[in-house]
Every structure is written in structure tokens, then in C-alpha cells.
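Below is one structure, written out as C-alpha cells; comments come after it.
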Amino acid sequence: MKNANIWDWDLLIIKQQNDIDNDGDVAVVIKEDNTATLKRVYKNNNFIILKPENEDFPIIFSKNCEIKGKLVGVIRNFQ
């Protein structure tokens, strides 16, 4: 999530919850293929939009994904 200043070595603080607001919160999501991802989440009437903060990855439109938690903090680990 380089455009959100989240880097590989950072530690993320995730609040466990099954739903989020529809304002682009960053969340841990289990996708339809049972893999986890960290994306900005937007809700639509027909599907959920998972928007990456890295232009190298595509936007995902999903009808069947599961929100596991909301990003509430980042601990920067300088290496």
C-alpha cells in the first residue's frame, strides 16, 4: 500500500470487525478465492469495491468477500 505510506516492514494494528463505513476505510478482506488482502473498501448496491493503494494492482469488484477488520494504526519499523 505504497500510496498510503504502508510498507512491507510496518506492523499494522487491525480492529476486528465484520463491517466498515462506506468512506474508503482500509480493511483486511478475505476474497472469494480465500486469500487475504488489505485494501480501501467501498460499498455499492451490488458489490464491494476493493481499491489498492498501489497502481500496480487492479481494482477488485466482489459480490462475495468477507471483511475481517479495520486498519486503525501503523507501527513503523525502521530497518
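The values are calculated or read from the model by the stated rules, or taken from the named source; none is laboratory data. Keep in mind that this is a model prediction, so the values were computed, not measured. Cβ coordinates were reconstructed from backbone atoms using ideal geometry, including for glycine residues, and neighbour counts include every protein chain displayed. Areas reflect the complete protein model, heavy atoms only, side chains present, ligands, DNA and RNA absent. Shrake-Rupley method; radii C 1.70, N 1.55, O 1.52, S 1.80 Å.
Scanning the stretch 57-79 for residues that are among the aliphatic types (A, V, I, L, M), closer than 17 Å to D10 by Cβ and open to solvent by less than 40 Å² (accessible area, probe 1.4 Å) yields one hit, L71.
Confirm whether I6 is of a type in the set (A, V, I, L, M), part of a loop (DSSP other than H, G, I, E, B) and surrounded by 11 or more Cβ atoms within 10 Å (Cβ to Cβ). The answer is yes for I6. Among the residues of the stretch 9-32, those identified as in a loop (DSSP other than H, G, I, E, B) and open to solvent by 70 Å² or more (accessible area, probe 1.4 Å) are W9, N18, D19, D21, N22, D23, E32. The set of residues in the stretch 11-47 being polar (S, T, N, Q) and free of Cβ contacts under 8 Å to residues at least 40 places away in the same chain consists of N22, N34, T35, T37, N44, N45, N46. When the residues of the stretch 33-56 are narrowed to those that are hydrophobic (A, V, I, L, M, F, W, C) and open to solvent by 20 Å² or more (accessible area, probe 1.4 Å), which ends up farthest from I6 (Cα to Cα)? Looking at residues that are hydrophobic (A, V, I, L, M, F, W, C) and open to solvent by 20 Å² or more (accessible area, probe 1.4 Å), I get F47.
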